[in-house]
Amino acid sequence: MVMSWWSRRWTRMKAAAEAGMTTAEYAVGTLAACALAAVLYKVVTSGAVSSALQSLIGKALHAPF
């Protein structure tokens, strides 16, 4: 009974140690996050979006109370 419990416990601990991302998965995830950040930066700094944001902020700052 006790050996059976230890055996099950050891199996669960070993499986938990393997859970999570590996180094390669971290690298791919980091690369994807950087690519998304670059795309968002290009979109936000584009002429149309930049002027729309400036207009929105200008309207918000000059709004009557």
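With a simple spin-label model that places each label point 7 Å from the Cα along the Cα-to-Cβ direction, the separation between residue 43 and residue 61 comes to 2.5 nm. Spin-label model, residue 9/residue 27: points 7 Å from Cα along the beta carbon direction are separated by 3.8 nm.
Throughout, read-outs are computed from the coordinates displayed, never taken from laboratory work. None of the values given here were measured: they were computed from a predicted structure. Cβ coordinates were reconstructed from backbone atoms using ideal geometry, including for glycine residues, and neighbour counts include every protein chain displayed.
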